[in-house]
Amino acid sequence: MERNKALGILHSKMQSPNLRKHCYAVEAVMRALAEHFNEDQNLWGIVGLLHDGDYEFTKVDPTNHAKLMVKWVAETGEKDKELLIGIESHGWFHEGKLPQTKMQWALYCCDELTGLIVAVTLVRPDKKLANVTVENVLSKWNSKSFAAGVKREQIEMCEEKLGVKLPDFIAIALKAMQGIAKELGL
């Protein structure tokens, strides 16, 4: 699937600018992780872009979260099983089912991290993503009251499931997000 087509689907289904920015951030990080692992950057990026695309429709009933997006994507004629299952896997996380592939684990681990990086950025005096460092993110790591909704244990799975040390994982995500700081408004 081409990015423009995926972006069209996302924009037709998701109206919240902040939710869209979250999807852009996850897309950027997924592309960077795909590059790191020498995987298909477009595939991983589209999965990241669309993973929460049905949130405004499923937030009251999360049992259909990600499944509805898969339905919409399939209705466009998309048949790539890896793409469709990759998107749908995000909904599994809310059902307690664990990821099965490296791409799914990357999505599972980076989704929460993007939120933490944004939170760290917003408490900085200049609120500029360009000036955030890995050390800034790690300095907030053990402060459970900071960005309390971020599931740090989910992010930490990057070490066991992806073989990437936490500081390196944060560095990959941070650099990817800094690369699209303008789109994120940060």
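By the Stokes-Einstein formula, at 0.692 mPa s and 37 °C, region 1-68 with its Kirkwood radius over alpha-carbon pairs has D equal to 271 µm²/s. Calculated accessible area for the chain comes out at 48 Å² per residue, all protein chains present (probe 1.4 Å; ligands, DNA, RNA ignored).
Considering only C158, C23, C110, the Gaussian network model of the chain with Cα springs below 10 Å gives its largest mean-square fluctuation to C158.
The distance between label points at E156 and F37 comes to 2.1 nm (points 7 Å beyond Cα on the Cα→Cβ vector). Every helix of 4 or more DSSP H residues in the chain counts as -39500 (n - 2.57), and over all residues that averages to -20000 deg cm²/dmol at 222 nm. Across region 96-101, coupling constants 3J(HN,Hα) worked out from phi with the 6.51/-1.76/1.60 Karplus curve, θ = phi - 60°, read x, 7, 8, x, 10, 10 Hz, and Gly and Pro carry x. Taking the centroid of alpha carbons for each part, region 158-186 and region 53-88 are 24 Å apart.
Share of carbon and sulfur in the accessible area of region 39-186 stands at 52%, probe radius 1.4 Å.
Rg and Dmax over the alpha-carbon atoms of the chain stand at 15.5, 47 Å.
For the peptides 46-52, 98-104, the ranking by packing is 46-52, 98-104, with the highest mean count of neighbouring Cβ atoms within 10 Å listed first.
The values are calculated or read from the model by the stated rules, or taken from the named source; none is laboratory data. Just so it is clear, the model here is predicted, and its values are computed rather than measured. For neighbour counting, all protein chains shown are included, and Cβ atoms are generated from backbone atoms with ideal geometry for every residue, glycine included. Just the protein is used for accessible areas: all its heavy atoms, side chains included, with ligands, DNA and RNA removed. Shrake-Rupley method; radii C 1.70, N 1.55, O 1.52, S 1.80 Å.
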